[in-house]
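Asker: After the structure tokens below, expect a handful of questions from me.
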Amino acid sequence: MQDITLLVLEDNEIDQIQIEMMLNAEISTTYKYRVLAWCTSLEELILALETHQPDLILSDIFIEGKPEGLKLLKSLKNSTIPIVMMTSSSELSVYQEVMHYKRLHYLAKPLNKFTLHSALEKTLEEYLQAKHYKVLDRQFIYLSHKTGYTERVNFRDIVYIEAEGNYAQFFTRERKYVLKKSLARLLEEDLDGSFLRLHNKFVINNLHVLKITDNSVILTGEIELPIGKSFRKEVHAYFK
């Protein structure tokens, strides 16, 4: 069985005890769950993430009556850690807002050990499938917009990508998106052969190339980007 580590955000002591009993129940034949830390506030959980690398986060939406779970989704919108949310609220608006941030599993309290294990297992399986999918089978990527929402963006709509610190900024004709990932990792793990690096700071989509000169590339929207010296030979060979 595979050992799965969790961080849990839950401020109700009785719920903590029940969740721990459910996690320890011998239900799954694939996974064995171990809680790295029980957190009773969002601040505790964020601090725990500095020292722990959980496989999954299980979080209540409301902590002390406040929607701290929604703040968690905002703060981790660029993270790849899978999250399962739980709540005793039956309000449609709460459910809809949660689903704006991430595609995830949502559990209603009181919890049932079978539905809890099912949600955790499905979340892990979906995460592993997404992590190991073949890029050629996919023509889109999930990116965060400045509104805080995550959107599915088709490869063909991306004009270019620019490195900005630890983040990559994606530019379409209409919008700008962001993802916490290096250009090198994006090219290796997420993008297809339409994308080409032409500078330490830039990756372009060849579908949007209008013109290429010795030192620059003109893209859709009359955007001109420089070709780095160390990339010139490869870039010009690519477009021959």
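Asker: Of Lys66/Lys146; Lys176/Lys211; Lys180/Lys240; Lys71/Lys180, which ones are farther than 27 Å apart at the Cα?
Answerer: The pairs that break the limit, which is 27 Å between Cα atoms, are Lys180/Lys240.
Asker: Take the Cα atoms of the stretch 3-103, find their three principal axes, and give me the spread along each one in whole Å, biggest first.
Answerer: 35, 28, 23
Asker: Among the aspartates and glutamates, which have Cα under 20 Å from the Cα of Lys201 when same-chain residues fewer than 8 positions away are ignored?
Answerer: The qualifying aspartates and glutamates are Asp157, Glu162, Glu164, Glu188, Glu189, Asp190, Asp192, Asp214, Glu222, Glu224, Glu234.
Asker: Can you tell me the accessible area per residue over the chain, all protein chains present, probe 1.4 angstrom, in square angstrom?
Answerer: Accessible area per residue: 57 Å².
Asker: Using Stokes-Einstein with the Kirkwood hydrodynamic radius over Cα pairs, what translational diffusion coefficient do you get for the chain at 25 °C and a viscosity of 0.890 mPa s, in µm²/s rounded to a whole number?
Answerer: Roughly 122 µm²/s, to the nearest whole number.
Asker: Further, regarding this structure: Within the chain, what is the longest stretch that has no GluC sites (Glu not before Pro) placed in a DSSP loop and near at most 11 other beta-carbon atoms within 10 Å?
Answerer: My reading of the result: 92-173 is the longest stretch.
Asker: Just to be sure I understand: if I project the alpha-carbon convex hull of the stretch 140-220 onto a plane and average over all orientations, what area do I get in nm²?
Answerer: Mean orientational projected area (the stretch 140-220, Cα hull): 5.2 nm².
Asker: Taking H as built 1.01 Å from N, whose amide H comes closer than 5 Å to the amide H of Ile4, not counting residues under 5 places away?
Answerer: Long-range HN contacts for Ile4: Lys32, Tyr33, Arg34.
Asker: Using Cα-Cα distances under 8 Å and only pairs 6 or more residues apart, what relative contact order does the chain have, in percent?
Answerer: Normalised by residue count, the contact order of the chain is 12 percent.
Asker: Next question. Keeping the other protein chains in place, figure out the carbon and sulfur percent of the accessible area of the stretch 1-106, with a 1.4 Å probe.
Answerer: 49
Asker: On to the next question. Between Val217 and residues 5 or more places away or on another chain, which pairs have amide H atoms under 5 Å apart, with H built 1.01 Å from N, and which residues are they?
Answerer: Those qualifying (amide H under 5 Å, at least 5 residues apart or on another chain) are Leu225, Ile227.
The values are calculated or read from the model by the stated rules, or taken from the named source; none is laboratory data. Source: prediction; values computed, not measured. With ideal geometry, Cβ positions are generated from the backbone for all residues, glycine too; neighbour counts draw on all protein chains shown. These accessible areas exclude ligands, DNA and RNA; they are computed on the full protein's heavy atoms, side chains included. Shrake-Rupley method; radii C 1.70, N 1.55, O 1.52, S 1.80 Å.
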